[in-house]
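For reference, the structure is listed below as structure tokens.
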Amino acid sequence: MKHKFWETQPVGQFKDLGNSSLPEGPIELPTPLSEVKQEPYNLPSLYEWTTCDMGSDEICNEVYILLTNNYVEDDDNMFRFNYSKEFLQWALRSPGHFGSWHVGVRVKASKKLVAFISGIPVNMRVRDQVLKMAEINFLCVHKKLRSKRLAPVMIKEVTRRIHLENIWQAAFTAGVLLPTPITTAQYWHRTLNPKKLIDVGFSRLSERMTMSRAIKLYKLPNSTTTPGFRKMELRDVPAVTKLLKNYLSRFVVAPEFDDSEVEHWLLPRENVVDSYLVESPVTHEITDLCSFYTLPSSILHSQEYSTLKAAYSFYYVATSTPLLQLMNDALIIAKQKDFDVFNALDVMENESFLKELKFGQGDGQLYYYFYNYRLQNALKPSELGLVLL
Ligand SMILES: CCCCCCCCCCCCCC(=O)CSCCNC(=O)CCNC(=O)[C@H](O)C(C)(C)COP(=O)(O)OP(=O)(O)OC[C@H]1O[C@@H](n2cnc3c(N)ncnc32)[C@H](O)[C@@H]1OP(=O)(O)O
Ligand SMILES: COc1cccc(CC(=N)NC(=O)c2cccnc2OC2CCNCC2)c1
């Protein structure tokens, strides 16, 4: 059995690919809450479960340190995601979050945090069905405890705690191929600081491209071009909620955000998330939105630099401004804020601007998954209106 754990889970199995007799929808039915395992799964005797209160600065710092040293690296082990503490609090304490879904593992003797997994609730629309799902993220096992089958136990424990809240589906992304992706997204990067990206080995100069030509190629205007383009403010939340709900309805899969979720996910937070909108100078109507989140990466082998400042395309809506122009203004803002690179996936309508705005294709894929929900066929990335952190 190739996937000893995943072949036991209610997920689409590779052997079922092409089997059109299997219906779209939940794979397993909910179990009565009384039948959900009441006590935590067993851990190896040296370790104990802990629930990480992300509202505690001390505990949030422990999670931050664990991820800073042990979370996702690129395929060449040159960079490692370095989510900030403020970002983690934002990502995990969203409206309706459950503290019990922030699951950690400590060494009994030293109390050192050595593993983590998290979930947050989301209302996910799949075609015409809206389901409560958990979004799973930040699964991390300390480098010294790898390949001991700890991850399946983490996954089962967070699943158990989510089941106790009567939620039976989940969504997550991963850079590894598992049974079975609902879509495979490609990642793309738009150079903002060519000199630094080349110095740290993120980008390479092609033989015909000199450094000065690269600097010229990626140069951007100093100010945005769209009339009425401004930072999002609290007073804009109701209009943005309406705009976003309507726009996301065009995708096969997309979250449904209410006002409190739009406020949480899109109201600008320094060094965490930036959102800009277009207010028509004439009608004062909000017609467009773009946003990106801040996710730096540690640079693992460079004397010159320690951090790569990266912006990641988040949600947007373009109803009056051409998406190309809206995203070009997002690039201009990111450059103004001293980001080195602007990253995006080929989900949503991103394909329409990636090449023209001089994004280069990255060398990896990001797979999207559902847990306990089958789609008859994988989606095209452009059918997905979901961006995970
Ligand atoms: C209804 C609610 C349901 C909620 C739950 C939904 C499901 C949520 C699922 C989680 C979503 C997370 C999303 C997310 O956080 C975003 S993806 C980022 C995951 N984290 C990292 O890559 C950080 C660096 N790596 C590590 O910390 C470890 O390598 C991890 C912990 C990744 C694996 O630890 P390890 O020491 O290297 O490995 P073992 O313990 O020996 O375990 C090996 C088994 O783990 C399977 N594996 C490996 N990587 C995986 C991954 N990224 N997703 C799912 N499964 C993954 C692998 O296929 C194998 O199973 P198989 O034998 O069947 O193939
Ligand atoms: C540049 O530093 C890196 C540090 C670690 C990994 C990678 C490559 C990578 N895995 N990139 C992505 O997954 C990615 C590329 C473009 C847009 N979003 C992305 O991932 C997001 C969404 C999923 N969770 C991580 C952040 C790059």
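Read the figures in this text as sums done on the coordinates, not as results from a lab. Predicted model, so just to flag it, every value in this text is computed and none were measured. Please note: Cβ atoms are built from the backbone with ideal geometry, for glycine as well, and neighbour counts cover all protein chains shown.
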Around K355, under 14 Å between beta carbons, what's the net of Lys plus Arg minus Asp minus Glu among the other residues? -2
Could you sort 365-376, 91-102 so that the peptide with the highest average Cβ count within 10 Å comes first and the rest follow in order? 365-376, 91-102
What is the ratio of the Cα radius of gyration of the stretch 87-199 to 2.2 N^0.38 Å, with N the residue count, to two decimals? 1.29
When the Cα atoms of the chain are enclosed in a convex hull and the volume is divided per residue, what value in Å³ results? 157
Using only the Cα atoms, work out Rg/Rh for the stretch 112-177, with Rh taken as the Kirkwood radius, to two decimals. 1.03
Would any residue of the stretch 111-150 have its amide N under 12 Å from a label point 7 Å out along Cα→Cβ of K4? List them or say none. 147-150
Calculated from DSSP helices alone, with each H run of at least 4 adding -39500 (n - 2.57) and the total divided by the residues of the chain, [θ]222 nm to the nearest 500 comes to -6500 deg cm²/dmol
Segment N61-H284, extension gain: residue separation times 0.36 nm, minus the distance between their alpha carbons: 76.0 nm
Contact order relative to length of the chain, as percent, for alpha carbon pairs under 8 angstrom and 6 or more apart: 23
How much of the DSSP beta bridge set in the chain is antiparallel, as a percent to the nearest 5? 90
re the stretch 218-317: pairs of Cα atoms spaced beyond 23 Å account for a percent value of 36
Here the net charge surrounding R374, from other residues whose Cβ is less than 10 Å away from its Cβ (Lys, Arg +1; Asp, Glu -1), is -2
Run the numbers for E48 and K242: contour at 0.36 nm per residue of separation, minus the present Cα-Cα distance, in nm. 65.4 nm
Putting +1 on Lys and Arg Cβ atoms and -1 on Asp and Glu Cβ atoms, find which of Y305, H163, I215 reaches farthest to the positive end of the dipole of the chain. Y305
Modelled FRET efficiency - R0 30 Å, T68 with I215, Cβ distances, 0.05 increments: 0.45
Compute the signed sum of charges (Lys and Arg +1, Asp and Glu -1) over the other residues within less than 9 Å, Cβ to Cβ, of D74. -3
Treat each spin label as a single point 7 Å out from the Cα along the C-beta direction, and report the K380 to N77 distance in nm. 3.9
Quick check: the distance between the Cα centres of the stretch 320-389 and the stretch 47-85, to the nearest angstrom? 25
Could you calculate the contour length gain from K111 to S306, that is, 0.36 nm times the residue separation minus the distance between their Cα atoms, to one decimal place in nm? 67.3 nm
Within 10 Å, count the other beta carbons around each residue, average over each peptide in 20-30, 262-272, and list them highest first. 262-272, 20-30
Can you tell me the FRET efficiency between S21 and R127 if r is taken as the Cβ-Cβ distance and R0 is 22 Å, rounded to the nearest 0.05? 0.70
Which log10 I(q)/I(0) values does the stretch 40-141 give at q = 0.10, 0.11, 0.19, 0.21 Å⁻¹ under the Debye formula, counting every alpha carbon as one identical point scatterer? -0.32, -0.38, -0.97, -1.10
Kirkwood Rh in Å, taken over all unlike Cα pairs in the stretch 148-234: 18.7
Identify the trypsin sites (Lys or Arg not before Pro) of the stretch 168-263 meeting these criteria: DSSP loop state and at most 13 other C-beta atoms within 10 Å of the C-beta. R204, R208, K219, R250
If you place +1 on the Cβ of every Lys and Arg, -1 on the Cβ of every Asp and Glu, and leave all else neutral, what size is the dipole of the stretch 1-136 about its Cα centre, to the nearest 20 Debye? 240
For the stretch 269-389, the Cα-Cα pair-distance distribution in 10 Å bins from 0, as whole percents, is 11, 38, 32, 15, 3, 0
